[in-house]
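Peer 1: Have a look at the structure that comes next, please.
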């Protein structure tokens with residue numbers, strides 16, 4: 001470290017009197033690159049910041065892995081809810097009317113750093129709306145299908161591309177495993193919003209495997225489609241109960257999709273942070289090599305100075 | 001029997017949510033703590049009109065209405 005002062009002088013000069021400092025260095029060096037002391041300092045700061053980032057991404061990955069276990073268990077039981085939900089509709093062979101009015105629920109979350117989760121759902125929503133739009137005039141207007149956005153991120157993306165279609169947006173989603181109370185409140189809001197619909201298309205991310213997810217749609221038919229279904233009369237239900245069943249089915253479906261979307265997001269975040277950590281690790285290796293090379297160059301130059309200075313004194 | 005006087009006020013989902021809350025609060029202490037977690041919701045919502053978000057980022061205050 002005693003050698004540092006001589007190397008530091010050009011760097012100090014370069015900082016205090018930039019033009020003069022640079023020309024002095026330029027006269028000494030064979031190229032017009034900045035003094036080696038300066039690049040050394042630069043590399044050091046870069047190395048320090050990338051090391052910090054690697055620590056952060058590694059810890060985020062650990063957190064996501066631990067959360068994933070709990071989320072996967074919740075997803076398994078929620079899937080059973082979703083399946084049981086469809087029983088009545090399937091057995092009574094309810095079908096959605098062709099060209100029926102659809103209502104879309106886009107499910108994602110508030111937080112980022114999870115790979116392409118939010119854009120996957122929003123892209124699917126845009127695609128669906130375009131399909132409707134090409135069949136019946138323009139879809140992106142207040143006359144088009146209504147969208148209920150769950151989460152800050154999809155809300156932001158949708159408000160840029162389909163702002164007129166958004167009916168209600170929710171936030172504070174994704175902090176913890178969703179509860180049925182959340183799903184019930186959302187379904188209640190949909191029903192009480194007074195919007196007319198024949199079916200609800202819930203767009204969410206389904207958990208395909210530990211490495212991937214895929215956007216999917218769960219269709220929930222309205223009370224009217226259930227009444228019109230051929231096999232429904234065998235159930236012998238009263239008017240009011242059918243309405244209740246349809247609303248409860250909606251809440252069930254929203255619950256199942258919320259929980260699965262949550263699990264898919266945690267999985268994606270774990271993968272994304274894993275990739276980020278390994279990229280940061282590679283960067284650190286490269287920067288280390290550069291730093292050492294630079295450091296050795298500085299030491300060599302100083303040694304040369306000393307030796308030539310000593311030789312000149314002889 | 002006054003069949004479902006609640007129908008004029010709210011939907012079936014809110015009805016079940018209120019009943020669920022009442023049932024949970026009637027449980028024995030240890031079970032109640034476990035069950036309370038199932039009833040927690042911290043959702044907030046915003047109504048949108050014509051591409052503009054409404055000012056009410058209202059908290060889901062419905063659970064508070066008994």
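Readers should treat all values here as calculations from the given coordinates under stated rules, not as data from a laboratory. As the structure is a prediction and not an experimental result, all values here were calculated from the model. So basically every Cβ, Gly included, is an ideal-geometry build from the backbone, and we count neighbours across all protein chains shown.
Peer 1: Only one of these is closer than 27 Å to residue B:24 by Cβ and away from every other protein chain (no Cβ under 14 Å): A:94, A:185, A:84. Name it.
Peer 2: Exactly one of A:94, A:185, A:84 is closer than 27 Å to residue B:24 by Cβ and away from every other protein chain (no Cβ under 14 Å), namely A:84.
Peer 1: Please find, among B:14, B:7, B:32, the residue that is surrounded by fewer than 15 Cβ atoms within 10 Å (Cβ to Cβ) and within 8 Å of chain A (Cβ to nearest Cβ). Before you say what the answer is, go through the steps one by one.
Peer 2: On the way: B:14 fails: surrounded by fewer than 15 Cβ atoms within 10 Å (Cβ to Cβ); B:32 fails: within 8 Å of chain A (Cβ to nearest Cβ).
That would be B:7, the only listed residue that is surrounded by fewer than 15 Cβ atoms within 10 Å (Cβ to Cβ) and within 8 Å of chain A (Cβ to nearest Cβ).
Peer 1: Select from segment A:90-113 the residues that are part of a helix (DSSP H, G or I) and either closer than 22 Å to residue A:172 by Cβ or touching a strand residue (DSSP E or B) at 6+ places or on another chain (Cβ under 6 Å) (or both) and list them in ascending order.
Peer 2: none
Yes/no per residue for (1) in contact with a helix residue (DSSP H, G or I) (Cβ under 6 Å, 6 or more places away or on another chain); (2) free of Cβ contacts under 8 Å to residues at least 24 places away in the same chain; (3) surrounded by fewer than 12 Cβ atoms within 10 Å (Cβ to Cβ):
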| site | (1), (2), (3) |
| --- | --- |
| A:64 | yes, no, no |
| A:68 | yes, no, no |
| A:74 | yes, no, no |
| A:93 | yes, no, yes |
| A:98 | no, yes, yes |
